[in-house]
């Protein structure tokens, strides 16, 4: 009985590791965030392992069943739509339950969006804090106020339709001259990184409609 956490490419399929393919072929079942999205990936790498849906809307409901199957001797792999499971994706609840039930866990290293965005930013990366997605409404103001004194480089995931609002909020809380870097569509054909002050980045993305997945790296205080 064992659970494998397997990262999948965030865009470029060449970032899939040999080991990841091997594990996905050998396990009894793959727990996938979206079986349609993962189905394309598995087909590309000729992986015929059966899939089961495992996402934020059903993980509480099926958790006990998954744990019981693992305890009965099955091996499983957890994958998300892109990147490393449990990083702003489902996975934490399952890992915690496995730890509680003495089920072996093995996490493979691999793709995750924030590391290349951070390294590429030109901002200090010896110490950093990963914030992921900010609360949309409730708790957003409290979180931003808390972060005004953060001295480490901060990492955020931002959806395209919230990018300009987020830049506006950041300018209000951190000052329009705070340095930042925004990476989008990492590893994909239209990969782009823009660096500058919050004011400069707001101006840039006001003139260019935000499209794709965004990682925003913000300098600390």
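The values are calculated or read from the model by the stated rules, or taken from the named source; none is laboratory data. None of these values were measured; they are calculated from a predicted model. Backbone-built Cβ (ideal geometry, glycine too); neighbour counts: all protein chains shown.
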Filter result for the condition that a residue is at positive phi and at pLDDT 95 or above, over 132, 139 | 132
Per the list (1) within 14 Å of residue 105 (Cα to Cα); (2) modelled with pLDDT under 95, residue check on residue 75 breaks on (2)
Right, residue 24: without any contact (Cβ under 8 Å) to a residue 40 or more places away in the chain and part of a helix (DSSP H, G or I) or not?
-> no
Just checking, which of 15, 34, 64 is surrounded by 14 or more Cβ atoms within 10 Å (Cβ to Cβ) and over 16 Å from residue 110 (Cβ atoms)?
-> 34
Among (1) assigned to a helix (DSSP H, G or I); (2) farther than 29 Å from residue 16 by Cβ; (3) within 20 Å of the chain's Cα centre (by Cα), which single condition is residue 180 missing?
-> (1)
Right, residue 169: farther than 25 Å from residue 84 by Cα, assigned to a loop (DSSP other than H, G, I, E, B) and free of Cβ contacts under 8 Å to residues at least 40 places away in the same chain or not?
-> no
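Here's the yes/no breakdown for (1) within 16 Å of residue 172 (Cβ to Cβ); (2) exposed (fewer than 14 other Cβ atoms within 10 Å of the Cβ); (3) free of Cβ contacts under 8 Å to residues at least 40 places away in the same chain:
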position	(1), (2), (3)
126	no, yes, yes
131	no, no, yes
149	yes, yes, no
157	no, no, no
Return a yes/no flag: does the stretch 89-98 have any residue that is under 30 Å from residue 48 (Cβ atoms), within 13 Å of the chain's Cα centre (by Cα) and in a strand (DSSP E or B).
-> no
Among the residues of the stretch 107-132, write down those that are assigned to a loop (DSSP other than H, G, I, E, B) and over 16 Å from the mean Cα position of the chain (by Cα).
-> 122, 123, 124, 125, 126, 127
The residue from 10, 30, 47 that alone is in the same structural domain as residue 72 (by TED's automatic domain parsing) and not in a loop (DSSP other than H, G, I, E, B) is 30
